[in-house]
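All remarks here apply to the structure that follows.
The values are calculated or read from the model by the stated rules, or taken from the named source; none is laboratory data. Since the model is a prediction, treat every value here as computed from it, not as a measurement. Backbone-built Cβ (ideal geometry, glycine too); neighbour counts: all protein chains shown. Note: areas computed on protein heavy atoms with side chains; ligands, DNA, RNA excluded. Shrake-Rupley method; radii C 1.70, N 1.55, O 1.52, S 1.80 Å.
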Amino acid sequence: MTAFGKLVRSTAFRLTLVYLVVFALYAAALLAYFALNTGRLITEQITETVDAEIAGLVEQYTVGGLRQLILIVENRSLRPGSSLYLVTAPTGQALAGNVGSLAPGVLDKTGWSETVYRRLDEQETAEHSALVRVTQLSGGFRLLVGRDLEERARMGAIITTAARGSVALVVVLGLAGGFFVTRRVLRRFDAMTATTQRIMAGDLSGRLPVTGIGDELDRLATNLNDMLKRIEALMRGLKEVSDNIAHDLKTPLTRLRNRCEAALRSARSEGEYRAALESMLDESDGLIRTFDALLMIARAESGQARDNMLEFEAAEIVRGVGELYEPVAEETGLTLRVDAQPGRIKGNRELLSQALANLVDNAIKYARPAEDAGGPPGEITLTVRQEGDRVRISVADRGPGIAQADRARVVERFVRLPQSMAQPGSGLGLSLAAAVARLHGGELTLEDNAPGLKVVIALPRAG
């Protein structure tokens, strides 16, 4: 399709044509209304003037008789202008005036009429239009006074010419503006199309152009760019997950295979076989936990869990997790304290409980026990606070903490810092908590607890 064909087939150009037709019709109607009112105004001025003249002439006829009337009419007929006068006898013979001929039947009836006429000093073929009034005088005489309508016709012609020119100008400017606007819109759509084709070809880094003027296309492009950014992050995360799964699950699978081979090769008694099987079961349980965590992260990031969201008190799940992990904390020499104030949230109770449990489990692993020398008492604090339109759920410990440079990285899947390698785990706990926070429209932040680490999940307050 040619560029001109694309232009005239575009929605923007068609809308421009519709608006152009509507505006042209409006302009034509406005000019027609103006022309009609101008003609009406001129006619009213003529009738007022003629009525006043007839009243004066009738008064002169009453006072001075026919001779006085004829004298005044003859004098006025000699003046240049558009005024028409005629006095006729009862037989219809013209006695005075400047009218040479009239349309048949005009003098037969009194009152107003619009007629054609010819002046006395004009040729027989001359013909004009006039608005006249015929008055019956005493004695059977008739008096005609009128005005030539050339001025009204000239005004109408001027308005008609102006209307044609105005409509033509509107059409030309409208078409030019339509072409300009349509070309500009098409350029933006072509740029968007080129970007989408590049994205469909596999380049997810492409973004739709945004001009910055804030119109509807900019808003659409901004929303689509946000969506593309999210898709790119998900695809990058999927690739990273695939790479991490291949890398991080290779070690436990290899270990599982080696233990099977060792048992087959060296085990001699039932006890040795049982020990090998128990070790393999532990390794399998660890793999299952890793896959469960990955499935839960995928469930949170896909948004499927939004169907099961209910309103509840955040303090309920915090107290429940605190009661569950309090014995575990005591066994490791730690104190677990819960300080939960009221704060209603809307969410998935199961996922939020699992995310909070992961954070508490991490805190128990890395917090310093109370009897460690050189450090503060080993304490883990679970708190709930309502701040404005947010409910903040935090888990704070007195462990070694996480350096500022590593805090953005540790929420990624399978990321484990060197100091955590000695502890069991898969590196998915913080990833799950961050995914759950995003699912609920909140965010997970890592803060300094001086010493230790404070993990905060900030969620929107219900309602």
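Please enumerate the residues belonging to the stretch 168-205 that are modelled with pLDDT of 80 or more and among the charged types (D, E, K, R).
Listed by number, the list holds a single entry, ARG198.
THR160 passes all but one of (1) in a helix (DSSP H, G or I); (2) in contact with a Lys or Arg (Cβ under 8 Å, 6 or more places away or on another chain); (3) open to solvent by 60 Å² or more (accessible area, probe 1.4 Å); which number fails?
Condition not satisfied by THR160: (2).
Kindly indicate the residue of the stretch 139-157 that is in a helix (DSSP H, G or I) and under 60 Å from the mean Cα position of the chain (by Cα) and also surrounded by the most Cβ atoms within 10 Å (Cβ to Cβ) among those meeting that condition.
If we filter the stretch 139-157 for residues that are in a helix (DSSP H, G or I), which is where we start, we get 139-140, 150-157.
The next check asks that each one be under 60 Å from the mean Cα position of the chain (by Cα); those that pass are 150-157.
Details: GLU150: 12, GLU151: 13, ARG152: 20, ALA153: 14, ARG154: 10, MET155: 16, GLY156: 16, ALA157: 11.
Step by step, filter the stretch 139-157, then rank; the result is ARG152.
Given the structure, is ARG438 outside any strand (DSSP E or B), open to solvent by 50 Å² or more (accessible area, probe 1.4 Å), at pLDDT 85 or above and over 26 Å from LEU310 (Cα atoms)? Full working, then the answer.
Numbers: outside any strand (DSSP E or B): yes; open to solvent by 50 Å² or more (accessible area, probe 1.4 Å): yes; at pLDDT 85 or above: yes; over 26 Å from LEU310 (Cα atoms): no.
Considered against the rule, which asks whether it is outside any strand (DSSP E or B), open to solvent by 50 Å² or more (accessible area, probe 1.4 Å), at pLDDT 85 or above and over 26 Å from LEU310 (Cα atoms), ARG438 comes out as no.
Within the stretch 100-119, restricting attention to residues that are farther than 21 Å from LEU69 by Cβ and of a type in the set (D, E, K, R), which residue is most open to solvent (accessible area, probe 1.4 Å)? Steps first, please.
Residues of the stretch 100-119 farther than 21 Å from LEU69 by Cβ: 101, 103-105, 113-116, 118.
Now drop any that are not of a type in the set (D, E, K, R), which leaves 114, 118.
Numbers: GLU114: 114, ARG118: 27 Å².
Among those residues, the one meeting the criterion is GLU114.
Could you check the stretch 173-194 and list, in sequence order, the residues that are within 19 Å of ALA27 (Cβ to Cβ) and without any contact (Cβ under 8 Å) to a residue 40 or more places away in the chain? Quick ask: steps written out before the conclusion?
Let us first name the residues in the stretch 173-194 that are within 19 Å of ALA27 (Cβ to Cβ), namely 173-178.
Hits for the stretch 173-194 are LEU173, ALA176.
Residue by residue, here is whether (1) touching a helix residue (DSSP H, G or I) at 6+ places or on another chain (Cβ under 8 Å); (2) open to solvent by 30 Å² or more (accessible area, probe 1.4 Å); (3) on the phi > 0 side of the Ramachandran plot holds:
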| position | (1), (2), (3) |
| --- | --- |
| ARG67 | no, yes, no |
| ILE70 | no, yes, no |
| ARG79 | no, yes, no |
| LEU84 | no, no, no |
| THR91 | no, yes, no |
| ASN98 | yes, no, no |
| GLN123 | no, yes, no |
| LEU137 | yes, no, no |
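Looking only at the stretch 405-429, filter to residues that are out of contact with any strand residue (DSSP E or B) (no Cβ under 8 Å at 6 or more places or on another chain) and at pLDDT 75 or above; which one of those is surrounded by the most Cβ atoms within 10 Å (Cβ to Cβ)?
Taking the stretch 405-429 as the starting set, the residues that turn out to be out of contact with any strand residue (DSSP E or B) (no Cβ under 8 Å at 6 or more places or on another chain) are 405-406, 408-409, 412-429.
From what is left, the residues that are at pLDDT 75 or above are 405-406, 408-409, 412, 428-429.
Details: ALA405: 7, ASP406: 13, ALA408: 9, ARG409: 10, GLU412: 16, LEU428: 25, GLY429: 22.
By that ranking, first place goes to LEU428.
A quick yes/no check of all residues on (1) of a type in the set (Asp, Glu); (2) assigned to a strand (DSSP E or B); (3) touching a residue at least 60 places away in the same chain (Cβ under 8 Å):
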| residue | (1), (2), (3) |
| --- | --- |
| THR47 | no, no, yes |
| VAL50 | no, no, yes |
| ALA55 | no, no, no |
| ILE70 | no, no, no |
| GLY81 | no, no, no |
| TYR85 | no, yes, yes |
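Here is a check on your reading of the model: is GLY452 open to solvent by less than 10 Å² (accessible area, probe 1.4 Å), farther than 30 Å from ARG236 by Cβ and modelled with pLDDT of 85 or more?
Details: open to solvent by less than 10 Å² (accessible area, probe 1.4 Å): yes; farther than 30 Å from ARG236 by Cβ: yes; modelled with pLDDT of 85 or more: yes.
In short, yes.
Which of the residues spanning the stretch 163-174 are of a type in the set (A, V, I, L, M) and open to solvent by less than 60 Å² (accessible area, probe 1.4 Å)?
First, pick out the residues of the stretch 163-174 that are of a type in the set (A, V, I, L, M): 163, 167-173.
If the condition is that a residue be of a type in the set (A, V, I, L, M) and open to solvent by less than 60 Å² (accessible area, probe 1.4 Å), then ALA163, VAL167, ALA168, VAL170, VAL171 are the ones that fit.
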